[in-house]
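Colleague: Mind looking over this structure? Questions follow.
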Amino acid sequence: MPRTSPERTAGAEGLAPLYLANLVCSMGMMGFVVVAGPLADSLGLQAWQIGLSATAGGLGWVLASQAWGRAADRIGRKKVLVAGLAGFAAGYLALCLAAQAGAAWGLAPLAAWGALIATRFAMGLAYAALPAAGAAVIADRFAPDARAGQMGRLAAAQSAGLLLGPAFVGAISSAISGASPVAPLFWLALAPAPALLFLLLRLPADGPETAERPAPLSLADPRLLRPVLAALATLSAVGVAQIVVGFAALDRLALPAPQATRTAALALFCVGVALVVAQLAIARLGWSPRRLMGVGGGVAALGFVFAALAGSPATLVAAYAVAGFGAGWVFPSISAAAANAVSNDEQGRAAGSVSTAMGLGAMLGPSLGGALYALAEPLPFLVAALAMAAVAAAGAGMARKDEARPAT
């Protein structure tokens, strides 16, 4: 399906609905994580059961990404975004109803767990549409040398949701004193509704449909190999770091449990802030995806090395902020590098391939982090540093002709 040439588009005009859709979905994902502990207690579930339900969402994301990418190339980006956002909202509402049934209506714990797994899987299937079609929208509207900055703005919207989700849940919980842990989730389930209306009314249409069924792009496609491997390595490293920060605060820093929890929460909050700041700065820097990947990967690797050596809460938090800042440059560079490596007709499928790799990394990282921590306390941080150093090397070795390849 021929797409509009980047040089003939309206640039950033009309992209606010895309940013809002990513923001509310990211808020919803992180909001669930915040109430996971209390929710497990109210449903009579163990932590590993809640963990598996969260993993089900990642599995849905992985399985659906490439299909959504092909659909975006076949029926248009806007239709895929609308379908994905509507499906995410429906899945979130179903999750809330299942949790409410378990907590207040006497649903058996095993049945509630099964319902959580099913709804989280459905949410992951739907959410996968947003990164696949969203990156394709930006690739359609911007020339190759401007894509990294715009991908940064999209990533900043997602990162802002990671910060606003916990804050929103905290505010709702305070306003509804004594309410069930499910109550804030109902509010988050409603957030996609105005975003969906905004998307329908304000996101410009993107081209004609085609009856042709686009051929899938392999994850091993030589044009996409570096971005795909970088996506897998980066999300794995981030997942490793997220899962072990609390353990490091407890064991290496010998903090009491409440202080260790606060330190871990502050470290992850600072990661979110660093991500947003770094991603918003990309458009001003004007760097190529190759340079962003190389420098960002190197900065993130240094952050993880510092985390392995941190001897106080302040240094651990600072190390996480440094790693987050570097990752903030890597994420948009991956999407831009993939977009610049393929033709306009393949943008949805390229974004779907990168999204699949990210989903795999998000699933692999926490399990890998836990296993490495059991072997040696600093090992997860050092492996994360090696992964980001490999990403930096991939950026440094990326040929300039891949960055400047003209859209067709």
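Colleague: When Lys and Arg each count +1 and Asp and Glu each count -1, what net charge do the other residues less than 10 Å away from A132, Cβ to Cβ, add up to?
Modeller: For residues surrounding A132, the net value is +2.
Colleague: Can you bin segment 108-233 into rounded, prolate or oblate? Criterion: square roots of the alpha carbon gyration tensor eigenvalues sorted a ≥ b ≥ c, rounded for a/c under 1.5, prolate for a/b above b/c, oblate for the rest.
Modeller: Note, shape of segment 108-233 comes out prolate.
Colleague: Pop a pseudo-label 7 angstrom from the Cα along the beta-carbon direction at both E377 and A118 and give the gap in nm to one decimal.
Modeller: The modelled label-to-label distance comes out at 4.5 nm.
Colleague: Work out which GluC sites (Glu not before Pro) in the chain are exposed loop sites (DSSP not H, G, I, E or B, at most 15 other Cβ within 10 Å) and give the longest gap free of them.
Modeller: Working: sites that count: E13, E209, E212.
Segment 213-408 is the longest.
Colleague: Could you let me know the centre-to-centre spacing of segment 288-357 and segment 77-96, using Cα atoms, in angstrom?
Modeller: For segment 288-357 versus segment 77-96, the Cα centre distance is 27 Å.
Colleague: Moving to a separate point now. Net charge near V330: determine it from the other residues with C-beta under 14 Å of the C-beta of V330, scoring Lys and Arg +1 and Asp and Glu -1.
Modeller: +3
Colleague: Also: As a test of the formula, what do you get for the chain when each DSSP H run with n ≥ 4 contributes -39,500 (n - 2.57) and the sum is divided by the residue count, at 222 nm and rounded to the nearest 500 deg cm²/dmol? Display every interim value, and only then the final one.
Modeller: On the way: 16 runs with 322 residues, N = 408.
So the helix-based figure for the chain works out to -27000 deg cm²/dmol.
Colleague: Would you compute, for the Cα atoms of segment 15-143, the largest minus smallest coordinate along each principal axis and list the three values in descending order, in whole Å?
Modeller: 53, 24, 22
Colleague: Quick check for you: with a 1.4 Å probe and neighbouring chains kept, what is the accessible area per residue of segment 157-269, in Å²?
Modeller: That works out to 51 Å² for each residue.
Colleague: Testing the spin-label approximation: label points 7 Å from Cα along Cα→Cβ at S312 and S174. State their distance in nm.
Modeller: Distance between the two pseudo-spin positions: 2.9 nm.
Colleague: If you don't mind, there's one more thing I want to ask. Of the accessible area of segment 1-154, with the probe set at 1.4 angstrom, what percent is carbon plus sulfur?
Modeller: Carbon plus sulfur share of accessible area: 67 percent.
Colleague: Relative to the compact-globule scaling 2.2 N^0.38 Å, provide the ratio for the alpha-carbon radius of gyration of the chain.
Modeller: Expressed relative to 2.2 N^0.38 Å, the Cα Rg reads 0.95.
The values are calculated or read from the model by the stated rules, or taken from the named source; none is laboratory data. This structure is a prediction, so every number in the text was calculated from the model and none was measured. Please note: Cβ atoms are built from the backbone with ideal geometry, for glycine as well, and neighbour counts cover all protein chains shown. These accessible areas exclude ligands, DNA and RNA; they are computed on the full protein's heavy atoms, side chains included. Shrake-Rupley method; radii C 1.70, N 1.55, O 1.52, S 1.80 Å.
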